[in-house]
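Chemist: The structure's right below; bear with me while I get my questions together.
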Amino acid sequence: MNDGKRSLNLFFSKNNFIGSFNAVDLIPNNNVPECCFVGRSNVGKSTIINAITKSKKLAKTSKTPGRTQSINLFKINDIINIADMPGYGYAKISKIKREELSNLIETYIVNRNNLLQVFVLIDCKVGVKDVDIDIFDSISTADKKFSIILTKSDKCALNFIIEQQKSIFSLMRNYNKHFIKIYSTSSKKNLGIIDIQKTIFNLSTHHEI
Ligand SMILES: Nc1nc2c(ncn2[C@@H]2O[C@H](COP(=O)(O)OP(=O)(O)O)[C@@H](O)[C@H]2O)c(=O)[nH]1
Ligand SMILES: [Mg+2]
């Protein structure tokens, strides 16, 4: 097991930043399998990408919500891309900017043909909000697969996490064609990160584009 862990870490430690894009047409590497991390602003998208790649600053993290306003693309081991998406649902940016960002996210989900899986991050303490449901709807309409990652589990008691999972599972009955599974994670405590690594690793090897 430890060896598996070490080789996964080695796999993910070979990574590079491809670029930052504010239009889907501009994103290169559309022949490489890709997964993306979406979720509300400040939910922990960039932090989990750093936890997965075992790097401190591959993806820029921030205490201030609403910072990332473009799609940041990373390549892992030359064989799979990870996209760090702009956060949605942040109230303190203008309505126009908010709409621009949700259009960018939606266009990406619909048109990015090499996108194999979407990870939707949900803050364990906060749970699912209407803006998250909009994203589940967009992903299903685009006929893409998604999994849910509960983040910041270090902030919640185990019972609370279990209740949160139960309520999400019952909501997911509406999405059974596209929903895959729920992961419970803490980037801070390195919990559940290896399960995401395994999934991404498998995507990189068993893909069809
Ligand atoms: N306690 C705790 N805080 C976290 C965790 N992951 C991220 N954070 C914090 O949440 C804030 C937002 O994280 P960030 O990755 O920038 O969120 P993003 O906007 O979704 O990319 C930062 O202050 C992080 O340190 C976690 O697992 N546990
Ligand atoms: Mg971010």
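The values are calculated or read from the model by the stated rules, or taken from the named source; none is laboratory data. Just so it is clear, the model here is predicted, and its values are computed rather than measured. Glycine gets a Cβ as well: all are built from the backbone with ideal geometry, and neighbour counts include every protein chain shown.
Chemist: Name the single residue, out of those in region 18-47 being surrounded by fewer than 17 Cβ atoms within 10 Å (Cβ to Cβ) and either near ligand 1 (Cβ under 8 Å from one of its atoms) or on the phi > 0 side of the Ramachandran plot (or both), that is modelled with the highest pLDDT.
Modeler: So, considering only residues that are surrounded by fewer than 17 Cβ atoms within 10 Å (Cβ to Cβ) and either near ligand 1 (Cβ under 8 Å from one of its atoms) or on the phi > 0 side of the Ramachandran plot (or both), the one modelled with the highest pLDDT is 19.
Chemist: Determine whether region 48-58 contains at least one residue that is under 26 Å from residue 140 (Cβ atoms), buried (at least 22 other Cβ atoms within 10 Å of the Cβ) and free of Cβ contacts under 8 Å to residues at least 40 places away in the same chain. Quick ask: steps written out before the conclusion?
Modeler: So in region 48-58, the residues under 26 Å from residue 140 (Cβ atoms) come out as 48-49, 52.
Subsequent filtering for residues that are buried (at least 22 other Cβ atoms within 10 Å of the Cβ) retains 48-49, 52.
Still in the running and free of Cβ contacts under 8 Å to residues at least 40 places away in the same chain: 49.
Yes, region 48-58 contains a residue that is under 26 Å from residue 140 (Cβ atoms), buried (at least 22 other Cβ atoms within 10 Å of the Cβ) and free of Cβ contacts under 8 Å to residues at least 40 places away in the same chain.
Chemist: Further, regarding this structure: Yes or no: region 110-126 includes at least one residue that is over 30 Å from residue 4 (Cβ atoms), within 16 Å of ligand 1 (Cβ to nearest atom) and surrounded by fewer than 18 Cβ atoms within 10 Å (Cβ to Cβ).
Modeler: Yes, because at least one residue in region 110-126 is over 30 Å from residue 4 (Cβ atoms), within 16 Å of ligand 1 (Cβ to nearest atom) and surrounded by fewer than 18 Cβ atoms within 10 Å (Cβ to Cβ).
Chemist: Shifting gears a bit: Which of the residues belonging to region 165-189 are over 20 Å from residue 141 (Cβ atoms), in a helix (DSSP H, G or I) and not charged (D, E, K, R)? Write out each step before concluding.
Modeler: So the first thing to find is which residues in region 165-189 are over 20 Å from residue 141 (Cβ atoms), and the list is 165-167, 169-170, 181-189.
In the following step, the residues that additionally are in a helix (DSSP H, G or I) were identified as 165-167, 169-170.
Listed by number, the residues that qualify are 165, 167, 169, 170.
Chemist: If you don't mind, there's one more thing I want to ask. Can you find, within region 60-84, the residue that is modelled with the highest pLDDT among those that are surrounded by fewer than 22 Cβ atoms within 10 Å (Cβ to Cβ) and small (Gly, Ala, Ser)?
Modeler: Residue satisfying both the conditions and the ranking: 70.
Chemist: Another question, if that's okay. Return yes or no: is residue 190 within 22 Å of residue 50 (Cα to Cα) and surrounded by fewer than 18 Cβ atoms within 10 Å (Cβ to Cβ)? Give the derivation first.
Modeler: On the way: within 22 Å of residue 50 (Cα to Cα): yes; surrounded by fewer than 18 Cβ atoms within 10 Å (Cβ to Cβ): yes.
Taking the combined requirement at face value, the residue satisfies it.
Chemist: If you check residue 3 against the conditions, is it surrounded by 15 or more Cβ atoms within 10 Å (Cβ to Cβ) and either more than 11 Å from ligand 2 (Cβ to nearest atom) or more than 17 Å from residue 152 (Cα to Cα) (or both)? Reasoning before the result, please.
Modeler: Details: surrounded by 15 or more Cβ atoms within 10 Å (Cβ to Cβ): no; either more than 11 Å from ligand 2 (Cβ to nearest atom) or more than 17 Å from residue 152 (Cα to Cα) (or both): yes.
Here the answer is no, as residue 3 does not meet what is asked.
Chemist: Next question, about the same structure. List pairs: first residue in region 140-167 and touching a residue at least 12 places away in the same chain (Cβ under 8 Å) and over 20 Å from residue 193 (Cβ atoms), second residue part of a helix (DSSP H, G or I) and small (Gly, Ala, Ser) anywhere in the structure, Cβ distance under 9 angstrom, at least six positions apart or on different chains.
Modeler: 144/138
Chemist: Strands (runs of 3 or more DSSP E) wholly in region 37-152 with at least 3 residues that are over 15 Å from the mean Cα position of the chain (by Cα) - which ones?
Modeler: Correct list: empty, since no element meets the threshold.
Chemist: Have a look at 166, 188, 144, 181 and point out the one that is within 16 Å of ligand 1 (Cβ to nearest atom) and modelled with pLDDT of 95 or more.
Modeler: Values: 166 fails: within 16 Å of ligand 1 (Cβ to nearest atom); 144 fails: within 16 Å of ligand 1 (Cβ to nearest atom); 181 fails: within 16 Å of ligand 1 (Cβ to nearest atom).
Unique residue meeting the criteria: 188.
Chemist: Residues being surrounded by 15 or more Cβ atoms within 10 Å (Cβ to Cβ), without any contact (Cβ under 8 Å) to a residue 40 or more places away in the chain and closer than 26 Å to residue 187 by Cα: count how many of those fall in region 87-105.
Modeler: Of the residues in region 87-105, 2 are surrounded by 15 or more Cβ atoms within 10 Å (Cβ to Cβ), without any contact (Cβ under 8 Å) to a residue 40 or more places away in the chain and closer than 26 Å to residue 187 by Cα.
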